[in-house]
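What follows is a set of notes on a single structure, which appears directly below.
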Amino acid sequence: MDYMVLYSSKTGNTKKVATEIFSALPGMSKDMQNIDEYRGKDADTFFIGFWVDRGTCELSVIDVLSELHGKKIALFGTCGMGSGTDYYRNIEKKVTVWVPDDCEYLGMFLCQGKMPMKVREKYEIFREDPREEAYRKQMLRNFDEALFHPNDNDLADARAFVEQMCKMIYG
């Protein structure tokens, strides 16, 4: 098989991006599975998606990544608590350490994703300390911005990411 799209999705955001990535992959030799259902089905190239948890991926993604050898690997993910090149670069650094040395790492796509309301409720409580209050307000802005993601632009960017990865693979 040419491609395997594996994803972990807590709220549906990463599954939405995974579905877009799967549909953008060329040919018919491809499959998509939730990472918890994956049982070692082989492919030449793996697109592995995750939701960002405290600046990195969860253990199930680490487990799968560390067991892949001699594969091409592209990563993708969704995160609610921010966006931006530096933030995304830090996430990439933390996740790519789990890619085995004998694999070819292709790149990563990240976009924002909406979060459950219980996350917003945590930041709605006023703080007396001005530094904590500024942080609280920033987290509320991040939450509110993430409500609209992944959006059509994010999905178009995910398709462009697939095209870029395929050009790297096939020249």
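Observations
- Condition met for residue 137 (basic (Lys, Arg), part of a helix (DSSP H, G or I) and assigned by TED's automatic domain parsing to the domain that holds residue 55): no
- Matching entry among 158, 146 (being touching a residue at least 12 places away in the same chain (Cβ under 8 Å), closer than 21 Å to residue 89 by Cβ and touching a Lys or Arg at 6+ places or on another chain (Cβ under 6 Å)): 146
- Of the helices (runs of 4 or more DSSP H) that lie entirely inside segment 1-120, those containing 2 or more residues that are within 17 Å of the chain's Cα centre (by Cα) and within 19 Å of residue 155 (Cβ to Cβ) span 13-24.
- Single residue of segment 93-141 satisfying the filter (hydroxyl-bearing (Ser, Thr, Tyr) and without any contact (Cβ under 8 Å) to a residue 24 or more places away in the chain) that is nearest to residue 61 (Cα to Cα): 96
- Pairing residues of segment 75-92 that are without any contact (Cβ under 8 Å) to a residue 24 or more places away in the chain and not assigned by TED's automatic domain parsing to the domain that holds residue 14 with residues that are in a helix (DSSP H, G or I) and not acidic (Asp, Glu), at Cβ distances under 6 Å and at least 6 apart in sequence or on separate chains, gives no pairs at all.
- Those residues of segment 33-46 which are hydrophobic (A, V, I, L, M, F, W, C) and in contact with a Lys or Arg (Cβ under 9 Å, 6 or more places away or on another chain), in sequence order: 43, 46
- When each of 24, 18 is tested for being closer than 15 Å to residue 165 by Cα and either of a type in the set (Asp, Glu) or touching a Phe, Trp or Tyr at 6+ places or on another chain (Cβ under 6 Å) (or both), the lone residue that passes is 18.
The values are calculated or read from the model by the stated rules, or taken from the named source; none is laboratory data. Since we're looking at a predicted model, the values are computed, not measured. Counting neighbours? That spans all protein chains shown, and the Cβs are built from the backbone with ideal geometry, glycine included.
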